[in-house]
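Presented below is the structure to which this report refers.
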Amino acid sequence: MRDQRIVPKLFARGGTSSQIVYILSVTKTGIFILSKRAGTNCVSEETERELDKTFRLIQETVMILTKCLPLIWLSLVTLCAGRTLYQRPGKGVKDDASKQPIQTSRPYNIAHRGSNGEIPEETKAAYLKAIEEGTDFIETDILSSKDGVLICFHDVILDLTTDVASRKEFAGRNRTYDVQGFKIPGFFTFDFTLKELKTLRTKQRYAFRDQQYNGKYPIITFEEFLAIAQDAPRVVGIYPEIKNPVLMNQHVKWPGGKRFEDKVVETLKKHGYGGAYLSKNWLNKPLFIQSFAPSSLVYISNLTDSPKVLLIDDVIRPTQDTNQTYAEITSDAYFTYIKEYVVGIGPWKDTIVPVTNNYMLTPTDLVKRAHAHKLQVHPYTYRNENQFLHFNFSQDPYKEYEYWIKEIGVDGLFTDFTGSLHNYQEWASPLPETSKSTRQLLSHIASLTQQVVQQGKQDNNHLGVRLGAASALGASSFFNPSSPSDSEELFGVSGCDGFVCFFCGVELCSPPLSAFPNL
C-alpha cells in the first residue's frame, strides 16, 4: 500500500512544537484508510480537539464510502453517461457483437412504416423515432422506381403521401392502371426515376395527425432503410414487405430477366441479411420478409432461408396473385401447406375478432389454429386515435394492447405508435434482468445506492451526504491508485464547508471548519 497524501494540506495545522497530519491512503484494491500522525510542531488543545472531532467524522465517512463504494461508482457512471435508453442512431456503437440484442421473450413491437403516427410514414425521421422509442422491428414497403431502384413507399401511387400533385413539372405523369382488378388513377412510382422521386417531399396520410413535418422529408431507398437499422445503437430488426409484386414485375424490367423478388433478396444478402429464424446470423440482423402474395413467398424460399410471413387481407379480398379467398388461405389444409415456406401469418386484426358498429364480437379461432400449426401471428394495425380504437377499449390504447397480448395471445403487433406499445410492455411485461441494457442495470444500482446513502444520513445525523455534479475524471484513475496525479484529485475542498469527491461528485459535508482559517 502506498500513501496518497491528499488530506494533509487540508487538515494540518502548524504551531511551535508539533504537527498533526491526517493521511488518506488508497490500497491497490481501492480501499480508503485514514490515519493520524504526529509531527514536531504543537497546536492549542482546543484546536487539537477540533481536529480530532473532524478526524472521527472523516473516519466514519470513509467507512460508509468503503462499504458502498462499488455501488456509488457504478451509479455515478450511470449519471455521468446521462444517455437515454434508446438513443438515436449514429451515436451508439456500430459493432453488432457489442450491441444490445433484440428481445425474443415477449411479442414483437413492429414499427408500422416507422413511428408514422407522429412523423410522415416511411421516412428516415419516422424510423429514427421508432428506434428511439424502443421498437423491435422497423417495417417498410418495397416498391420500385422507373429505373429499377428499390424504394420505401406504401402506395403504388404517390398522391396521398407526397406533394406530387402540386408539382407542375410532373402534371403530365398522371396515369390509370389496373391494380388487382381495379382501375386506379394517379402518379405511380414506376413512372418516375429515382432522381425525380427524390425531389418530392412526404406528408402525413391523415389530416388529424401532426402536420408540422409535411414537406420536410424525402422518399428513401431500400438501402438507406437498411443503413438506418444497421446504424442503430442496439440490434433492430427489419420487416420489409414485397409490395404488389405482380404490378412491379409488369411495369419494371431488370437486366437478365430478373424479377422484383430477386432484387429484394439480392439487396438483403448484399447487406448481410439471411439465416433461419433465431439462428445466430438472424439474431445479429433480425429479419421477417412479408407479402400478401403467396407465390412470391414460395418463390423466394428458394433464394433465402430468412423467415417469411404471409399477410392476410380482409375476408372479402382474394389474394393478389393466386386469386384465393380468405377462407381458403386460412384453412387448416392451407396452413399445413404454407408452413413449409413461412413462419407466420399477418392478418388484419378485424378478421381475427370481427367488428360490428365499432364493437368487437366473439374472437374467431384463427390464432389458436395458426399456433397449432406452429405459425406465429402478427396482426395489423394498432393505432392510438379514437378514429381507430373500438368502443370496447374506452378509447384507451393500453387496454387494446392488453387484450390482444394477454387474451388473444398474438406474437407481434404492427403499430403506428411504437412508443405507446413499448411503454405498455415495459409496464406489463418488463424484460428479464439478463436482457436489460447496461444503462437499465446501472440505473437500478443507482436507486439502491440512493437508499444506502439515505440510510447513512439517518444513522449519522451529524453527517450530511448529497450528490453533486459529476466530474469528468475517468473510472481508470479510480481503480488505478498507482497514478498519483489522478489519485490525489479524488478528494479536495468543495465550495461549501466540507469534503468532496471530485471523481463521483459526492460531497461529504462536515461541521464548519471555521477553526481552520488557513484552509
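The values are calculated or read from the model by the stated rules, or taken from the named source; none is laboratory data. Keep in mind it's a predicted model, so treat the numbers as computed, not measured. Counting neighbours? That spans all protein chains shown, and the Cβs are built from the backbone with ideal geometry, glycine included. Accessible surface is based on the protein model in full, side chains and every heavy atom, while ligands, DNA and RNA are left aside. Shrake-Rupley method; radii C 1.70, N 1.55, O 1.52, S 1.80 Å.
Ordered from longest to shortest, the equivalent ellipsoid semi-axes for the range 141-222 are 19, 15, 13 Å, each the square root of 5 times a Cα gyration tensor eigenvalue. Ranking Lys129, Lys99 by solvent-accessible area of protein heavy atoms (1.4 Å probe, all protein chains present), from largest to smallest, gives Lys129, Lys99.
Largest first, the residues Trp404, Trp427 sort by 1.4 Å accessible area into Trp427, Trp404. May I ask you to derive the FRET efficiency for Tyr337 and Glu402 from their Cβ-Cβ distance with R0 = 25 Å, giving the value to the nearest 0.05? Rounded to the nearest 0.05, the efficiency is 0.15.
Please compute the length gained on full extension between Arg205 and Ala372, using 0.36 nm multiplied by the number of residues separating them and subtracting their Cα-Cα distance.
On the way: separation 167, 0.36 × 167 = 60.12 nm, distance 3.74 nm.
Full-extension gain reported as 56.4 nm.
Expressed in nm to one decimal, what extension gain is obtained for the pair Thr193 and Phe391 from 0.36 nm per residue of sequence separation less their Cα-Cα distance? Display every interim value, and only then the final one.
Numbers: separation 198, 0.36 × 198 = 71.28 nm, distance 4.47 nm.
Between Thr193 and Phe391, full extension yields 66.8 nm more.
With no solvent and one point per C-alpha, what does the Debye sum give as log10 I(q)/I(0) for the range 239-305 at q = 0.12, 0.18, 0.20, 0.21 Å⁻¹? Ignoring solvent entirely, the Cα scatterers give -0.31, -0.68, -0.82, -0.89.
To the nearest 0.05, what FRET efficiency results for Val246 and Ala428 with a Förster distance of 60 Å applied to their C-beta separation?
0.90
How large is the accessible surface per residue of the range 300-435, computed with a 1.4 Å probe and reported in Å² as a whole number?
On the way: 6200 Å² over 136 residues.
Per-residue value: 46 Å².
Using θ = phi - 60° in the Karplus curve 6.51 cos²θ - 1.76 cosθ + 1.60, the 3J(HN,Hα) couplings for the range 383-394 round to 9, 6, 5, 4, 4, 10, 6, 6, 4, 4, 9, 6 Hz; x is entered for Gly and Pro.
Solvent exposure of the range 129-243 amounts to 38 Å² per residue of accessible area, where only protein heavy atoms count and the probe is 1.4 Å. Rolling a 1.4 angstrom probe over the range 109-266 with all protein chains present gives an accessible area of which 52% lies on carbon and sulfur atoms. Report the far tail of the P(r) of the range 111-253, meaning the percent of Cα-Cα pairs longer than 27 Å. Result for the distance tail: 19 percent. Plainly put, the range 289-397 has a radius of gyration that is 1.01 times its Kirkwood radius, both from alpha-carbon atoms, as the Rg/Rh ratio.
Taking the Cα centre of the range 220-345 as origin and assigning +1 to Lys and Arg Cβ atoms and -1 to Asp and Glu Cβ atoms, the resulting dipole is close to 380 debye. Other residues within the sphere of radius under 15 Å centred on the Cβ of Ala171, judged by their own Cβ, net out at -1 (K and R +1, D and E -1).
Under the classification rounded if a/c is under 1.5, otherwise prolate if a/b is larger than b/c and oblate if not, where does the range 206-324 fall, given a ≥ b ≥ c as square roots of the Cα gyration tensor eigenvalues? Write down the numbers at each step before the final one.
On the way: a/c = 1.43, a/b = 1.05, b/c = 1.36.
Verdict is rounded for the range 206-324.
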